[in-house]
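What follows is a set of notes on a single structure, which appears directly below.
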Amino acid sequence: MTDDELRGLLEALRQDSVATREESAAARKESVLAREESAAAHRESVTAREENAAARQENALAHAETRRLFSETVERIATESRHFFAAGAEGLRHEIQLVAEGVAGTREALNREAAGIREDIRRSTSETQAMIKFSHADLDRRMRTLEEVQRTLEDALSDLQSRVERLESGTH
């Protein structure tokens, strides 16, 4: 190999070496950039985790607040419902009491009316029985009088027949 060939090889080696150094420097720069990007991504990840933890804590607080508000609302509605139904029940009690008093008054009036009707029936029955007894006694008296008159008339007729017979027998 000649000097010129050696120089050409050496020059080619130098250029390869420079190119390799430049590539190595570029690779180092890329590596630094990649590390920086990785660190930034790591920081973002840590920040995201922190934000996620904060959001979870905020969510837990909101959930607790929602439960508290729900419990208060349920208790308030239950209290209002109890009050509403108690007021309604009191009104119904009052109305039931009025109905019961009305029923009791009606029962008393019916009992008085029934007692009055029974008394009227007793009195009417007594009067009817007295009239029947009076009529019966009067009829009995009249029958006896008629029977006596009949006997008297029969006796008189019998007497008259005997007289007529005697008169007829004496004229013949």
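Got at least one residue in region 7-18 being among the hydroxyl-bearing types (Ser, Thr, Tyr) and under 60 Å from the mean Cα position of the chain (by Cα)? No, the conditions are met nowhere in region 7-18. Take residue 104 and tell me if it is surrounded by 10 or more Cβ atoms within 10 Å (Cβ to Cβ), of a type in the set (A, V, I, L, M) and over 49 Å from the mean Cα position of the chain (by Cα). No, not satisfied. Taken over region 1-16, the criterion of being in a helix (DSSP H, G or I) and exposed (fewer than 10 other Cβ atoms within 10 Å of the Cβ) is satisfied by 3, 4, 5.
Determine whether residue 93 is charged (D, E, K, R) and modelled with pLDDT of 95 or more. Answer is no for this residue.
The values are calculated or read from the model by the stated rules, or taken from the named source; none is laboratory data. These figures come from a predicted structure and were not determined experimentally. In this analysis, Cβ positions are derived from the backbone assuming ideal geometry, glycine residues included, and neighbour counts consider all displayed protein chains.
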